[in-house]
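**Student:** Take a look at this one; I'll ask things after.
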Amino acid sequence: MATGRLGVGETLEALNAAVGPGSPVWFKETHARHLRVRDFLAPRSALQARFRDGQVPECVFHAVAGLHGPGVAPVLRCASTPAGLSLQLQRPAVFERVLGALASYATPAKPASPGPRVILHCPALRCNPDTLRLSQLRAVLVADHLARTLRAHGVCVCPVPSVRDSHMATFLQKLLVDWPTTSKCVSTETLRTRVLAKLNSKETLPPGVLGRLCLKELVEKRRSAGYDTSIDNCWVTEDLLSVLSELQEAVRHWPEGGDPGLDGDPDAGVDDCMVVHVVSCEEAVQQQKLDLLWQKLDEQAPLKQKHLVCGPVRVAGVPGTLMTAPEYYKLRYAQVCKASALKHGGDLAQDSAWTKTFDVLSVATIKFEMLSTAAQNQLLLADSTTSTKGTKSGTFVMYNCARLATLFEGYKHGVERGLYPTFPLVSSLDFSLLHDEGEWLLLFNSVLPFLDLLRQTGSLASTPGLHTPVRTETVCKFLVQLSMDFSSYYNRVHILGEPRPHLFGQMFARLQLLRAVREVFHTGLAMLGLPPLSHI
């Protein structure tokens with residue numbers, strides 16, 4: 001049997017190379033209706049633009065039909081159709097390759113050496129949680145999700161600031177946000193000396209302000225980067241210097257307890273370090289001022305600084321931005337409890353066995369609401385119970401994860417009762433028995449491309465300009481679609497069939513596929529800081 005990890009990207013690259021120089025013409029199918037007859041398509045319009053009258057040369061046709069190479073999925077047939085050049089894979093062989101090596105498709109590989117260094121700065125974490133706005137909460141959740149995804153791909157992440165407020169630390173624990181805490185304060189003495197040396201001492205200053213520095217020259221120099229051209233002066237306060245000092249400390253001395261290999265390394269330098277400021281839209285201009293002030297006061301400030309600005313958050317039926325983050329959490333928690341009471345009967349919120357489940361469901365509801373929309377876009381939240389229902393909610397995703405747990409628990413009990421044999425070696429399974437269209441949908445749309453999708457989510461593209469286009473919504477959307485596909489399949493196909501020997505082969509092949517689905521679920525939820533549930 002061939003070895004090596006198959007990849008959608010590698011297959012598409014090989015397909016386009018077989019067609020010859022020019023723009024890509026092939027794409028991967030995703031819709032169930034199209035996947036009944038093909039897996040990849042080169043549309044007729046793209047072929048007409050590439051070849052005269054859209055007639056594919058015979059040599060190209062044969063090259064595509066005989067496609068092979070590292071990471072390239074084995075081809076069954078290639079045919080010219082009214083829609084274009086249609087290609088179908090050897091599906092049993094793909095099932096065997098993927099399901100025989102689950103870890104390489106469901107879990108990011110650990111890098112051999114530490115990756116680049118990223119300072120992930122989220123100013124909202126300096127607030128009191130009782131005054132935390134929903135747009136700031138969104139920034140906190142985006143930063144946490146980004147940190148988890150970057151770490152999964154070997155990036156050394158230093159979250160800033162370390163949270164000093166005990167109430168904020170408690171609220172973050174409730175939200176299952178992994179962020180460092182500290183009781184230490186960073187000295188601002190060096191920066192204060194630099195500021196005072198640049199100030200006009202004759203100027204009358206407002207209370208608590210050390211002085212005013214002009215940033216206009218820096219804005220003009222970096223006009224092409226995208227800084228707000230209205231920025232002129234910056235009132236320098238002790239609080240502002242404290243923020244800068246903490247960022248300096250993180251860049252020059254990797255915090256103790258940070259990523260392996262960099263703890264307290266004074267020689268880490270700044271050339272290999274990127275700073276990503278994750279801010280709410282209300283904080284965007286102030287963060288630009290801080291960024292420029294850092295460059296003005298510190299000649300060793302990192303040149304690679306990016307801003308991820310989260311769009312505004314509105315709640316339907318609530319005027320302005322009157323709802324705070326703790327009020328929003330209480331609303332969703334109450335809705336989860338009410339929905340569970342209607343489903344199961346009784347006041348389960350008083351049952352300690354359900355308390356943890358309700359906590360996780362509430363956080364899942366919030367994270368999927370906050371993270372399923374591209375971070376830069378405006379977000380409108382529902383204030384009704386629809387937020388905990390429907391196929392796009394975090395509750396729906398967690399419910400299907402729990403269904404998988406129940407399925408495998410049922411198989412385990414069946415083995416203990418002697419109904420089913422123990423699971424055989426994966427190498428002995430016959431994956432040609434997987435011919436339901438829902439089975440291919442789960443493998444081809446979810447398991448096979450999962451790690452490539454995760455890699456895109458954790459990619460900090462080195463695009464020019466101030467802002468970074470990070471796709472933090474990708475994992476939530478992926479898990480929602482996976483849940484819909486799994487739910488449809490699970491409702492239609494009886495996995496644990498009758499305990500008859502001639503049916504065991506298909507049952508084990510299906511269970512191995514659902515093992516892969518379960519691993520993908522667990523990895524995806526881990527990127528959101530959500531634990532899998534065994535029941536709902």
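**Student:** Using the Cα centre of the chain as the reference point, and only Cβ charges (+1 on K/R, -1 on D/E), how large is the resulting charge dipole? Debye, rounded to the nearest 20.
**Tutor:** 1000 debye
**Student:** Continuing with this model, one more query. Restricting to bridges with both residues inside the chain, how much of the DSSP beta-bridge set is antiparallel, in percent to the nearest 5?
**Tutor:** Looking only at bridges with both residues in the chain, the antiparallel portion is about 45 percent.
**Student:** Ok, one more. In whole percent, and with a 1.4 Å probe on the protein chains, what portion of the accessible area of the chain is carbon and sulfur?
**Tutor:** 54 percent
**Student:** Related question: At what distance in nm do the modelled label points of residue 500 and residue 425 sit from each other, each positioned 7 Å from its Cα along Cα→Cβ?
**Tutor:** Rounded to a tenth, the inter-label distance reads 2.9 nm.
**Student:** In the chain, what is the volume of the convex hull around the alpha carbon atoms, normalised per residue and reported in Å³?
**Tutor:** For the chain, the hull spanned by Cα atoms encloses 198 Å³ per residue.
**Student:** Let me ask something else. Mind ordering 483-495, 182-194 by average Cβ neighbours within 10 Å, highest first?
**Tutor:** 483-495, 182-194
**Student:** Once Lys and Arg get +1 and Asp and Glu get -1 on their Cβ, which of 195, 370, 78 lies farthest toward the positive end of the dipole of the chain?
**Tutor:** Positive-end residue among those listed: 78.
**Student:** Also, I was wondering about something else. Using only Cα atoms, figure out Rg for segment 110-244 and give it as a multiple of 2.2 N^0.38 Å.
**Tutor:** My calculation over the Cα atoms of segment 110-244 gives 1.28.
**Student:** Roughly how many Å² is the accessible area per residue of the chain, as a whole number, for a 1.4 Å probe?
**Tutor:** The answer is 46 Å² per residue.
**Student:** Right, next: Considering only DSSP beta bridges where both residues belong to segment 110-236, give the percentage that are antiparallel (nearest 5).
**Tutor:** Beta bridges within segment 110-236, antiparallel portion: roughly 40 percent.
**Student:** So, R0 is 56 Å and r is the distance between the beta-carbons of residue 492 and residue 204; what FRET efficiency does that work out to, to 0.05?
**Tutor:** 0.15
**Student:** From the residues 520, 120, 34, which one has its Cα farthest along the dipole of the chain in the positive direction, the dipole being from +1 and -1 charges on Cβ of Lys/Arg and Asp/Glu about the Cα centre?
**Tutor:** Final value for the positive-end residue is 34.
**Student:** So what's the back-of-envelope 222 nm ellipticity for the chain, counting only DSSP H runs of four-plus at -39500 (n - 2.57) apiece and dividing by all residues, rounded to 500?
**Tutor:** For the chain, the value works out to -14000 deg cm²/dmol.
**Student:** If packing is taken as the mean number of other Cβ atoms within 10 Å per residue, what is the order of 89-99, 122-132, highest first?
**Tutor:** Ranking the peptides 89-99, 122-132 by packing returns 89-99, 122-132.
The values are calculated or read from the model by the stated rules, or taken from the named source; none is laboratory data. Computed from a prediction, not measured in an experiment: that's the story for all the values here. All Cβ positions, even for glycine, are placed from backbone atoms using ideal geometry, and neighbour counts span all protein chains on display. Heavy atoms of the whole protein, side chains included, go into the accessibility calculation; ligands, DNA and RNA do not. Shrake-Rupley method; radii C 1.70, N 1.55, O 1.52, S 1.80 Å.
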